[in-house]
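Some notes on the structure that comes next.
The values are calculated or read from the model by the stated rules, or taken from the named source; none is laboratory data. It should be emphasised that the depicted structure is a prediction, and the values quoted were computed from it without experimental measurement. FYI the Cβ positions are ideal-geometry reconstructions off the backbone, even for glycines, and counts take in every protein chain you see. Remember, those area values only see protein heavy atoms, side chains included, never the ligands or the DNA or RNA. Shrake-Rupley method; radii C 1.70, N 1.55, O 1.52, S 1.80 Å.
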Amino acid sequence: MAFKTASFVLYLLGPTLTFAQEKRGLAYNDGALANLFSGHSQVSWGYNWGSDGNGLDTALNFTPMLWGLASRLSPEWTAAVEGEGVEAILGFNEPDLDAHSNITPSDASRRIPVTNGSPPNMGIGWMDQFFEHCTTCTIDFVTIHWYANNDPQGFKSHVQQFYDKYRLPIWITEFAASGSEEEQISFLQAVLPWLDSQPYVERYAYFGVFPGFLVNENGDGLSRLGQVYATCSR
């Protein structure tokens, strides 16, 4: 079985795969809510910070995540990695944050990570330390997060900064703009065509598939924001 592993950084375990042309994905907890996006051709994959798809429609490619070090040898994780159709696996969730998986670069260099912000022990600073420790790794792509105000150019600059620094494909597994629904819609309309046109952006997922976000408050359909996310194209 050949697949990629990943989250901020990927170790190649087999031949490089070609992912589906559609980059747009879903960050979700409840598979029933994520399935509201089924049938929208722009959306092709999803992940839920865990190893079980939790009811995700098989038409959407599920990408399992190893959230932290403690779960790395669990039978559930092994089964997820070996699951049919698995193209990639995500590594540790925000190891540069105490409130999340909180893993040092040296420990993470023995596994796979994902990172978040910009101070010395976060974001690029954390990644730089990781690369210093992980001198023999085969690394396929970098995964990042972005949360800030309604600033399309700031978002684009953030993504470009990581690509310029590491010259590796980018996955943006969490990103969101603050502000009203109208402001977020305007943000998505500005950045989605840009993301789809950047050859180095491999996958991305807006945060998130929850009532009041990409799903309406009743949880029975897409919100206006979700409809834009599902359908906006170049």
- Message: Consider the range 82-103. How many of its residues are surrounded by fewer than 16 Cβ atoms within 10 Å (Cβ to Cβ) and either modelled with pLDDT of 55 or more or among the acidic types (Asp, Glu) (or both)?
- Response: 4
- Task: Please specify each residue of the range 52-66 satisfying the condition of being part of a loop (DSSP other than H, G, I, E, B) and either touching a Leu at 6+ places or on another chain (Cβ under 8 Å) or not β-branched (Val, Ile, Thr) (or both).
- Result: Asp52, Gly53, Asn54, Gly55, Leu56, Asp57, Ala59, Leu60, Thr63, Pro64, Leu66
- Single residue of the range 19-51 satisfying the filter (in contact with a helix residue (DSSP H, G or I) (Cβ under 7 Å, 6 or more places away or on another chain) and not in a strand (DSSP E or B)) that is nearest to Leu90 (Cα to Cα): Ser51
- Message: Exactly one condition in (1) among the β-branched types (Val, Ile, Thr); (2) without any contact (Cβ under 8 Å) to a residue 60 or more places away in the chain; (3) in contact with a Gly (Cβ under 9 Å, 6 or more places away or on another chain) is false for Ile144; which is it?
- Response: (2)
- Task: Can you tell me which residue among Arg167, Arg203 is touching a residue at least 40 places away in the same chain (Cβ under 8 Å) and among the basic types (Lys, Arg)?
- Result: Arg203
- Message: Going residue by residue through the range 68-76, is there one that turns out to be at pLDDT below 80, touching a Phe, Trp or Tyr at 6+ places or on another chain (Cβ under 8 Å) and open to solvent by 40 Å² or more (accessible area, probe 1.4 Å)?
- Response: yes
- In the range 209-234, the residues that are open to solvent by less than 50 Å² (accessible area, probe 1.4 Å), in contact with a helix residue (DSSP H, G or I) (Cβ under 9 Å, 6 or more places away or on another chain) and in a loop (DSSP other than H, G, I, E, B): Phe210, Leu214, Asn216, Gly219, Gly221, Ser223, Cys232
- Item | The lone exception for Tyr200 - which of (1) buried (at least 17 other Cβ atoms within 10 Å of the Cβ); (2) within 23 Å of Tyr47 (Cα to Cα); (3) touching a Pro at 6+ places or on another chain (Cβ under 7 Å) it fails | (1)
- Task: Consider Ser106 carefully, then state whether it is of a type outside the set (A, V, I, L, M, F, W, C), farther than 29 Å from Ala148 by Cβ and at pLDDT below 50.
- Result: yes
- Which residue out of Trp45, Trp49 is open to solvent by less than 10 Å² (accessible area, probe 1.4 Å), modelled with pLDDT of 80 or more and out of contact with any Pro (no Cβ under 7 Å at 6 or more places or on another chain)? Trp45
- Message: Val191 - would you say it is of a type in the set (Val, Ile, Thr), touching a Phe, Trp or Tyr at 6+ places or on another chain (Cβ under 9 Å) and surrounded by 20 or more Cβ atoms within 10 Å (Cβ to Cβ)?
- Response: yes
